[in-house]
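Colleague: Pasting a structure here, questions to come.
The values are calculated or read from the model by the stated rules, or taken from the named source; none is laboratory data. This one's a predicted model, so the numbers in the text were calculated from it and none came from an experiment. Here Cβ is always computed from backbone atoms with ideal geometry, including for glycine, and neighbour counts include all displayed protein chains. Please note that ligands, DNA and RNA were not included when accessible areas were found on the heavy atoms of the full protein model with its side chains. Shrake-Rupley method; radii C 1.70, N 1.55, O 1.52, S 1.80 Å.
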Amino acid sequence: METIILAVVIAVVVLGALGGLLVTGRRKKPLPPPPPSTPDLTAPPAEPHVGDEAETPRDEERRTIEEVDLPGGGAPTTVEEPPAAAKAPEIEIPEPSTGRLIRLRSRLSRSQNALGKGLLTLLSREHLDEDTWEEIEDTLLTADVGVQPTQELVERLRERVRVLGTRTPEELRALLREELLKLVGTDLDREVRTEPESRKPGIVMVVGVNGTGKTTTTGKLARVLVADGRTVVLGAADTFRAAAADQLQTWGERVGAHTVRGPEAGDPASVAFDSVKEGKEMGVDVVLIDTAGRLHTKTGLMDELGKVKRVVEKHAPLDEVLLVLDATTGQNGLVQARVFSEVVDITGIVLTKLDGTAKGGIVIAVQKELGVPVKLIGLGEGPDDLAPFDPEAFVDALLGD
């Protein structure tokens, strides 16, 4: 038995030795080279985007600006920017109103010569037959003189020409000038009343349809008054038209006039009342009140104007009610004039845009229709193109040089 065990042990040892030799032989053989591997590529650092840090922030101790030694050793000085002050609008010096129409005469004559020259050409014919007189009538009607004034003028011209007999150009011009002055009227009171004797301020209400230049005219009238040495408060009682109050305030700031305004779509009568109240407190000479002019709601508009007038007169009577008409609308302007005159007592007419395609005869027609004088005329877009009406300068401009 022991012999068998010993034989098994020897066999195991021999087998183990042979296995070790085989393994050692295999290790001595050269191994094939490994397949090439793809090299690792390192991507370049990405560019930082707006708002990104250029590199990863590191945690480190930071010092405040007070702990950093600055060159010179002085303490840091904080410089504060002064607050931007609102620039006050520059106060303008308006052009004097005296003689303003004469200075603007050339502008007026350029647009009105058709009437005067047309009449002079017709009257200069050797024989004035019925056809010629009909042409004279047509010329006057086309110039918006109106039917009744045209008939009156033609009758007087017929009589004067028949008596005169031979007619030189100078005689015809003098004759026509004289007759036109009679129609325009030289004896009417054309002063804008702004200086009541027993109180201050004078109160002027400006009325008219939107689009006639009403708010602009109110601003220009303020310039006329300031040019004449008056102090003015503007009342922006046109609360229904967008930006009307801003427009009026801009006009006032140019000449140093205070503007009273209320909320958009607010009560116009309240604004008018406050305007007169502040005018009294400030001791100004004149209060100008701009009113609404919405033609599409005629009844409501007229009721509102009547209310404004009544509320203002709780302070004092109105000194002037000026109706602004667009001279280019011709006979349509007369219809507007009738409507306004039924509600408020119109005391004067302002004709705007008389330098454009307007016919000069509207001056005669509107005065005949309402029985009130034209007191101011607008002759352009400039701030000082509103002029007191001068009948002689106007007729001279119609006839030309």
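Colleague: Assess whether ALA316 counts as being touching a residue at least 40 places away in the same chain (Cβ under 8 Å) and either assigned to a loop (DSSP other than H, G, I, E, B) or of a type in the set (Lys, Arg) (or both).
Modeller: Values: touching a residue at least 40 places away in the same chain (Cβ under 8 Å): yes; either assigned to a loop (DSSP other than H, G, I, E, B) or of a type in the set (Lys, Arg) (or both): yes.
Spelling it out, ALA316 is indeed touching a residue at least 40 places away in the same chain (Cβ under 8 Å) and either assigned to a loop (DSSP other than H, G, I, E, B) or of a type in the set (Lys, Arg) (or both).
Colleague: Condition test on GLY219, is it at pLDDT below 90, open to solvent by less than 30 Å² (accessible area, probe 1.4 Å), out of contact with any Asp or Glu (no Cβ under 6 Å at 6 or more places or on another chain) and closer than 19 Å to PHE389 by Cβ?
Modeller: Against the criterion (at pLDDT below 90, open to solvent by less than 30 Å² (accessible area, probe 1.4 Å), out of contact with any Asp or Glu (no Cβ under 6 Å at 6 or more places or on another chain) and closer than 19 Å to PHE389 by Cβ), GLY219 does not qualify.
Colleague: THR297: at pLDDT 90 or above, hydroxyl-bearing (Ser, Thr, Tyr) and either open to solvent by less than 70 Å² (accessible area, probe 1.4 Å) or in contact with a Ser or Thr (Cβ under 6 Å, 6 or more places away or on another chain) (or both), yes or no?
Modeller: Here the answer is no, as THR297 does not meet what is asked.
Colleague: Within region 102-126, restricting attention to residues that are aliphatic (A, V, I, L, M) and at pLDDT below 75, which residue is most open to solvent (accessible area, probe 1.4 Å)? Explain how you work it out, then say what you get.
Modeller: At the first step, the residues of region 102-126 found to be aliphatic (A, V, I, L, M) are 102, 104, 108, 114-115, 119-120, 122-123.
Now narrow it down to the ones that are at pLDDT below 75: 104, 108, 114.
Details: LEU104: 18, LEU108: 1, ALA114: 81 Å².
In this case the residue turns out to be ALA114.
Colleague: I've got another one for you. Tally time: how many residues in region 139-166 are under 39 Å from the mean Cα position of the chain (by Cα) and open to solvent by less than 20 Å² (accessible area, probe 1.4 Å)?
Modeller: 6
Colleague: Are there any pairs, at least 6 apart or on different chains, whose C-beta atoms fall under 9 Å, with the first in region 141-162 and under 18 Å from ALA327 (Cβ atoms) and assigned to a helix (DSSP H, G or I) and the second open to solvent by 90 Å² or more (accessible area, probe 1.4 Å) and at pLDDT 85 or above, and if so, which?
Modeller: Final answer for the pair search is LEU141/VAL147; PRO149/LYS368.
Colleague: Condition first: within 30 Å of VAL335 (Cβ to Cβ), open to solvent by less than 30 Å² (accessible area, probe 1.4 Å), modelled with pLDDT of 75 or more and of a type outside the set (Lys, Arg). Can you find one or more residues in region 129-138 that meet it?
Modeller: Just the residues of region 129-138 that are within 30 Å of VAL335 (Cβ to Cβ), to begin with: 133-138.
When the remaining residues are screened for being open to solvent by less than 30 Å² (accessible area, probe 1.4 Å), the result is 133, 136.
Still in the list and also modelled with pLDDT of 75 or more: 133, 136.
Adding the requirement that they be of a type outside the set (Lys, Arg) leaves 133, 136.
The answer is yes, given that some residue of region 129-138 is within 30 Å of VAL335 (Cβ to Cβ), open to solvent by less than 30 Å² (accessible area, probe 1.4 Å), modelled with pLDDT of 75 or more and of a type outside the set (Lys, Arg).
Colleague: In region 167-209, which residue that is closer than 22 Å to LYS375 by Cα and of a type in the set (S, T, N, Q) is most open to solvent (accessible area, probe 1.4 Å)?
Modeller: THR186
Colleague: Considering only region 377-399, state which residues are over 18 Å from ILE364 (Cβ atoms) and part of a loop (DSSP other than H, G, I, E, B).
Modeller: Once the filter is applied, which keeps residues that are over 18 Å from ILE364 (Cβ atoms) and part of a loop (DSSP other than H, G, I, E, B), region 377-399 yields GLY380, GLU381, GLY382, PRO383, ASP384, ASP385.
Colleague: Looking at region 163-175, which of the residues that are touching a Leu at 6+ places or on another chain (Cβ under 9 Å) and part of a helix (DSSP H, G or I) is farthest from LYS280 (Cα to Cα)? Reasoning before the result, please.
Modeller: Going through region 163-175, the residues touching a Leu at 6+ places or on another chain (Cβ under 9 Å) turn out to be 164, 167, 169, 171-173, 175.
With part of a helix (DSSP H, G or I) added as a condition, the list becomes 164, 169, 171-173, 175.
Values: LEU164: 59, PRO169: 56, GLU171: 55, LEU172: 54, ARG173: 51, LEU175: 50 Å.
This residue is LEU164.
Colleague: Oh, and also: For residues that are touching a residue at least 40 places away in the same chain (Cβ under 8 Å) and open to solvent by less than 10 Å² (accessible area, probe 1.4 Å), scanning just region 335-351, find the one that is nearest to GLY116 (Cα to Cα).
Modeller: Applying the filter and picking the extreme gives VAL350.
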